[in-house]
Each structure stands twice: as C-alpha cells, then as structure tokens.
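Colleague: Let me give you the structure first, and then I'll get to my questions.
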Amino acid sequence: MKQSIFISRNLPATSSLLEYLNTNGWEIHCQSLIKIEPIPFKIEKEFDWIFIASSNGAKLLLKSYSPPDSTRIGVVGEATANAVKSFGIFPDFIGKTGNMNELGDSLARTIGKGSVLFAGAEGGSEKIRSAIPTNQRTFVPIYRTVLVENVSIPKTDVVFLTSPSNAESYLKITSLSGKTIVAIGNTTAEFLKSKGVSNVLIPASPREEDVIKLLQGL
C-alpha cells in the first residue's frame, strides 16, 4: 500500500530523501509551517568561532556579514553546512548527531578555550550553547520564527517534524493522533513530549541518510 508523508521543510530537487521517497512510491507533502522574520544585528568584534544552528540562520548571517578568514565555522547538520558552503565557506565543525546535548559537548571539546558567537533564532533552544562556558560565548539573535496560519495540512501516515516551532505550528493546525511521528532531533522530540505526544522516532542524526534508514525500518 502506498505510504504518505508530511515533511515540515521544503526539500530541494537534489535532496537524497526526496529521491528515496519518489523512487519508493511515497506520496509526499513538503511545507514549512513557519515564517522567518530577520532581526537587525551588528557583530562588533571578532570571535575564534561562529556557530550556526540552521540553514535559515546561515543565509541571514552570511548575506550581510563576512567572517574574518581566521574565524572558524561550526554548524548543525549537512543542510546548514550546505547553506554555508553556498557562500564559499567550508565549515570546520559539522554536528552529526540529533542529540543537541551530545553535539554541545562535542563542540565544547573542539573549541577548547576559544571564543564563540552563536547566531540564530530569538528564543531558540539553548542546549548547544549552554555546553560552552559563559565567558567564552556570545549570542546574537538574527531572526525570529513566526507560526504560519490558515494552512491546510493533508492527512498522512508519517509526519516528519524538523524543528520545535514547526511542531508547535503543526499541533495548532491539526492532530498527530494515529500518525507515525519522526522528529529531526531530541529538542523537537522533547517539545512534542511536553505537549503530550509520545512514541516519537528520532533518526541517528539529522542527515538525510539517517532519516532514510529510519523510514526504511517502518
């Protein structure tokens, strides 16, 4: 029987996940359930590291700010890495786990005593940056997420939620009851748990290869 999936992210034509779903006859619905509102920002000093947690953050930051050549770049996952690479910058650290606590610990070991700028969403998760001593870290909000309204979400067998804000938006629009739920990482899974949603599946990492492995096991 043909399976169906909703993904709270727009997948590019080059996506290996999209290729897998098409090849295996899935009915696919991709749509972000949030809007991004840029926040004016200034970066007035240099840091040893800049850490970016999303592709939206990467695009907004690098469109208006060029890091010094000496500054190293860290990111969460391949999607954010690809967004950074589109500006001709190659990340020095790519988080390969969906567990943000583990990722924070790995980043802390990597940067050592260096200073790090976290650029990201206003009110976003602090799991990663809390692993860095306060005297080494600076946070600059560069965007906020706004939940979309008046959206129709189709009924699907599987729902793949790619952030806590997308999960929040989904739950405001419709129910997750009776669906197989996949969260991109533990932060999204913990948000769902706080809303009474249980039995949430998490891939080994946010990488599309690991999402595919999870779907293959359903």
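Colleague: Could you identify the single residue in Glu46, Glu78, Glu19, Glu102 that is without any contact (Cβ under 8 Å) to a residue 24 or more places away in the chain, over 23 Å from Thr156 (Cα atoms), of a type in the set (D, E, K, R) and not in a strand (DSSP E or B)?
Modeller: Exactly one residue qualifies, and that residue is Glu102.
Colleague: Still on this model: Let me confirm something: among Lys127, Lys213, which residue is modelled with pLDDT of 95 or more and not hydrophobic (A, V, I, L, M, F, W, C)?
Modeller: Residue meeting the stated conditions: Lys213.
Colleague: Being out of contact with any helix residue (DSSP H, G or I) (no Cβ under 8 Å at 6 or more places or on another chain), open to solvent by 20 Å² or more (accessible area, probe 1.4 Å) and not acidic (Asp, Glu): is that true of Leu18 here?
Modeller: Here the answer is yes, as Leu18 does meet what is asked.
Colleague: Give the residues of segment 74-126 that are at positive phi and either surrounded by fewer than 19 Cβ atoms within 10 Å (Cβ to Cβ) or of a type in the set (Lys, Arg) (or both), sorted by residue number.
Modeller: Those that are at positive phi and either surrounded by fewer than 19 Cβ atoms within 10 Å (Cβ to Cβ) or of a type in the set (Lys, Arg) (or both): Gly88, Gly112, Gly123.
Colleague: Here is a list of conditions, (1) in contact with an Asp or Glu (Cβ under 6 Å, 6 or more places away or on another chain); (2) modelled with pLDDT under 95, and Ser115 meets all of them except one; can you say which number that is?
Modeller: (2)
Colleague: Here's something else I'd like to know. Would you confirm, using the coordinates I've provided, whether Lys179 is over 21 Å from the mean Cα position of the chain (by Cα), open to solvent by 20 Å² or more (accessible area, probe 1.4 Å) and more than 30 Å from Tyr65 (Cα to Cα)?
Modeller: yes
Colleague: I need every pair where a residue in segment 134-152 that is modelled with pLDDT under 95 and hydrophobic (A, V, I, L, M, F, W, C) has its Cβ under 8 Å from the Cβ of a residue that is assigned to a loop (DSSP other than H, G, I, E, B) and open to solvent by 50 Å² or more (accessible area, probe 1.4 Å), sequence separation at least 6 or different chains.
Modeller: Listed by first residue and then by second, the contacts come to Val151/Gln31.
Colleague: Quick one: in segment 127-169, of everything that is basic (Lys, Arg) and in contact with a strand residue (DSSP E or B) (Cβ under 9 Å, 6 or more places away or on another chain), which residue is surrounded by the most Cβ atoms within 10 Å (Cβ to Cβ)?
Modeller: The residue in question is Arg129.
Colleague: Another one. Residues being under 20 Å from Pro206 (Cβ atoms) and at pLDDT 95 or above: count how many of those fall in segment 4-15.
Modeller: Looking only at that region, the number is 4.
The values are calculated or read from the model by the stated rules, or taken from the named source; none is laboratory data. Quick caveat, the model's predicted, so the values are computed rather than measured. Ideal geometry is used to build each Cβ from the backbone, glycine not excepted, and the neighbour counts take in all protein chains shown. The protein model used for the area step is the full one, side chains on, heavy atoms only, and it has no ligands, DNA or RNA in it. Shrake-Rupley method; radii C 1.70, N 1.55, O 1.52, S 1.80 Å.
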